[in-house]
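Student: First the structure, then my questions, so here it is.
The values are calculated or read from the model by the stated rules, or taken from the named source; none is laboratory data. The structure displayed is predicted, hence computed values, not measured ones. Cβ placement follows ideal geometry from the backbone for every residue including glycine, while neighbour counts extend to all protein chains displayed. Protein only, heavy atoms only, side chains kept; ligands, DNA and RNA dropped before computing areas. Shrake-Rupley method; radii C 1.70, N 1.55, O 1.52, S 1.80 Å.
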Amino acid sequence: IPVDEFDLVIFGGTGDLARRKILPGLFRRFLSGQMPAGSRIIGAARSELDTTGYRDMIAEAVAEFGGEESNNKKGLQSFLQQLEYVAIDAKGEGGWYDLAQFVRQDVVQAFYFSVAPSLFGDLAERLHTNKIANKKSRIVVEKPFGRDLESARALNETLAAHFHERQIYRIDHYLGKETVQNLMAVRFGNVLFEPLWNNHYVDHIQITVAETVGVGGRGAYYDKSGAMRDMVQNHLMQLLCLIAMEPPSQFESDAVRDEKLKVIRALQPIDHHHIVRGQYDEGPDGPGYRDDAENPRSFTESFIAMRCHIANWRWAGVPFYLRTGKRMKARSSEIAVVFKDLGHTIFEGDEARHRNILSIRLQPNEGMDLQVTIKEPGPGGMRLIDVPLDMTFAEALGDDAEDVTDAYERLIMDVIRGNQTLFMRGDEVEAAWAWTDPLIEGWEARNDVPKHYDAGSAGPEDAMMLLHRDGRRWRDIK
Ligand code: BG6
């Protein structure tokens with residue numbers, strides 16, 4: 001479905017994110033016919049480029065990061081015609097007059113701040129003093145949205161000085177992932193799951209986001225953040241919210257975000273015995289964390305596992321185990337809802353513990369499966385086995401699965417449509433920091449040293465113990 005005609009200005013238009021994700025994503029939307037002919041994408045950055053130079057740069061970026069679609073040369077040429085470039089000085093006057101000439105007031109206006117947060121205030125102010133932005137303009141901001149509650153609040157205030165909350169789109173690209181949205185469809189579009197979605201039937205929930213990449217190349221940023229700030233405070237908490245929230249009264253942005261906020265506010269503080277931090281060692285595929293981060297004395301975690309509790313009626317007593325790390329054995333992200341034991345079996349000789357497990361796979365191999373117990377086929381009597389009821393999107397949906405759009409392109413189109421459901425509200429981000437701040441302060445005060453783990457493993461041994469102590473075990477990372 002085409003969106004309304006728009007002018008999208010990308011501040012930081014020559015940067016990594018613009019070249020890797022934003023522009024290749026927009027190109028795919030263009031090819032799918034979603035981008036109206038008159039729409040324009042205006043790159044704005046410090047480099048002294050002209051529009052031709054910018055188009056060349058983006059052609060290269062699309063060739064490198066655009067996947068199969070980048071072979072469509074004719075399509076690419078037409079797409080590039082919709083690109084413009086303005087050299088701009090965020091902290092000075094340079095370029096603003098030119099930008100004002102480009103940006104139209106009678107189409108949807110979006111400004112993507114793909115720059116360091118320290119520039120948000122300057123950009124917001126100059127967009128107004130130069131009369132470029134109006135009451136309907138949308139601005140898009142990226143993580144990191146602060147590094148603690150105080151800095152996040154300050155950023156929110158800076159933006160609020162110039163824009164209303166309904167104009168601000170805070171991206172968490174995990175919310176744009178196909179399966180993440182499907183989570184809401186599965187929970188609230190079926191009669192099967194919701195009645196069981198509580199502490200009467202759910203034993204525990206595991207959320208794993210495992211990556212094989214290390215931090216080489218971005219060590220300077222990462223070493224100041226660590227897995228908690230880089231992944232948990234945003235992506236994992238968003239997943240947790242969608243799994244745990246109450247049904248919103250309607251599928252509308254504030255209704256959904258109100259429910260997510262309640263989950264974050266109900267998260268209990270975690271005792272430090274239930275947090276395991278780790279750092280990867282050198283392995284056959286590359287150096288260890290401290291070398292990658294170029295900080296031989298670093299105490300920053302490249303892995304974290306924790307046990308959380310949500311203090312409300314639905315989830316009292318149900319542990320949520322979260323873990324994420326770099327340089328692990330596979331790139332694999334999954335949410336697993338592990339249901340309780342039957343309690344009693346009527347099948348003689350069946351000592352095995354059969355459990356229903358709903359596994360929601362974010363990547364790779366997006367889809368879900370539900371582990372159910374059935375009779376082993378054949379004449380061997382009533383022997384029970386567990387099999388998955390499999391719904392791998394690529395198989396279940398055939399050709400339609402090809403429309404599994406990349407998270408960024410979906411989210412950018414939502415900005416143009418004016419739909420904030422999949423974006424974080426300011427109060428959500430602050431509540432998430434309010435929960436993580438004391439945990440981080442806690443380990444900093446204790447001078448906690450991260451545990452070592454082998455590159456290519458499932459994380460430190462202590463992370464296994466976190467569940468073993470509770471008589472449970474992590475799901476395999478595969
Ligand atoms: C980013 C983090 O937000 O998400 C990275 O800063 C991480 O450290 C990335 O690698 C993971 O995203 P994805 O989509 O590859 O799972």
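Student: If each of H273 and S32 carries a label point 7 Å out from its Cα toward its Cβ, how far apart are those two points in nm?
Tutor: It is 4.9 nm.
Student: Across region 6-142, how many lysine pairs, 8 or more positions apart or on different chains, have C-alpha atoms separated by under 28 Å? Please give the number.
Tutor: On the way: K21/K73; K21/K74; K21/K91; K21/K135; K21/K136; K91/K131; K91/K135; K91/K136.
Lysine pairs, 8 or more places apart or on different chains, close enough: 8.
Student: Just to confirm the filter: which GluC sites (Glu not before Pro) across region 241-335 are DSSP coil and have at most 16 other Cβ within 10 angstrom of their Cβ? Intermediate values should be presented prior to the final figure.
Tutor: Working: sites: E252, E259, E282, E294, E301, E334; in loops: E252, E282, E294, E301.
Sites meeting the loop and neighbour criteria: E252, E282, E294.
Student: Please list the radius of gyration and Dmax for the chain, considering alpha-carbon atoms only, with Å as the unit.
Tutor: Reported Rg and Dmax, both Å: 23.8, 82.
Student: What's the FRET efficiency of T51 with K135 using the Cβ-Cβ distance as r and R₀ = 35 Å, to the nearest 0.05? Working shown, then result.
Tutor: Values: r = 29 Å, r/R0 = 0.83.
Efficiency, from the Cβ-Cβ distance: 0.75.
Student: Need the full-extension length gain, V372 to N71, defined as separation in residues times 0.36 nm minus the C-alpha distance. One decimal, nm.
Tutor: 104.0 nm
Student: Before I look further, what does the chain give for accessible area per residue, probe 1.4 Å, in whole square angstrom?
Tutor: 46 Å²
Student: Number of Lys pairs in region 321-478 with C-alpha atoms less than 30 angstrom apart, excluding same-chain neighbours closer than eight positions?
Tutor: 9
Student: Further, regarding this structure: Quick one: give the max-minus-min coordinate of the C-alpha atoms of region 168-224 along each principal axis, largest first, in Å.
Tutor: Sorted from largest, the Cα extents of region 168-224 read 47, 32, 20 Å.
Student: Compute, for the chain, the length of the dipole vector about the Cα centre, with Cβ point charges of +1 (Lys, Arg) and -1 (Asp, Glu) only. Units Debye, rounded to 20.
Tutor: On the way: 57 positive and 73 negative charges, 102 e Å.
In debye, rounded to 20, the chain gives about 500.
Student: I want the local charge near D437. Using Cβ-Cβ distances under 13 Å, sum +1 for each Lys or Arg and -1 for each Asp or Glu among the other residues. List each step's numbers first, then the result.
Tutor: Working: positive: R147, R153, R229; negative: D148, E150, E430, E441, E444.
Overall, the nearby charge balance is -2.
Student: Considering only protein heavy atoms and a 1.4 Å probe, what is the carbon-and-sulfur percentage of the accessible area of the chain? If you can, show how the numbers build up before the last one.
Tutor: On the way: 10910 of 21770 Å².
Percent of accessible area from carbon and sulfur atoms in the chain: 50.
Student: Could I have the simple spin-label model distance between V213 and L389, label points 7 Å from Cα toward Cβ, reported in nm to one decimal?
Tutor: Roughly 3.6 nm, to one decimal.
Student: Using the Cα atoms of region 59-124, I'd like the radius of gyration and the largest Cα-Cα distance, Dmax, both in angstrom.
Tutor: Computed over the Cα atoms of region 59-124, radius of gyration and Dmax are 15.3, 40 Å.
Student: Another question about this same structure. Could you calculate, for region 131-275, the ratio of the Cα radius of gyration to the Kirkwood radius, expressed as Rg to Rh?
Tutor: With Rg and the Kirkwood Rh in hand, the quotient comes to 0.99.
Student: Continuing with this model, one more query. Assuming 0.36 nm per residue, please report the length gained on full extension of the stretch S249 to R472 beyond their Cα-Cα distance. Can you show the working numbers first?
Tutor: Numbers: separation 223, 0.36 × 223 = 80.28 nm, distance 3.48 nm.
Full extension of this stretch gives 76.8 nm more.
Student: Based on the Cβ-Cβ distance from R297 to I346, what FRET efficiency comes out when R0 is 56 Å, to the nearest 0.05?
Tutor: So the FRET efficiency works out to roughly 0.40.
Student: Which lysines have a Cα lying under 23 Å from the Cα of K260, excluding residues fewer than 8 positions away in the same chain?
Tutor: Here the lysines satisfying the reach criterion relative to K260 are K143, K177.
Student: Quick one: net charge around D427, please, counting Lys, Arg +1 and Asp, Glu -1 for every other residue with C-beta under 12 Å from its C-beta. Spell out each step's value before the answer.
Tutor: Numbers: positive: R153, R170, R257, K260, K262, R265, R425; negative: E165, D254, D258, E428, E430.
Charge balance in the 12 Å sphere: +2.
Student: Let me ask something else. Could you tell me the distance between the Cα centroids of region 246-276 and region 78-122, to the nearest Å?
Tutor: 35 Å
Student: Excluding residues fewer than 8 places away in the same chain, name every one of the aspartates and glutamates whose C-alpha is closer than 15 Å to that of K224.
Tutor: Partners found: D148, D291, D292, E294, E301, D437, E441, E444.
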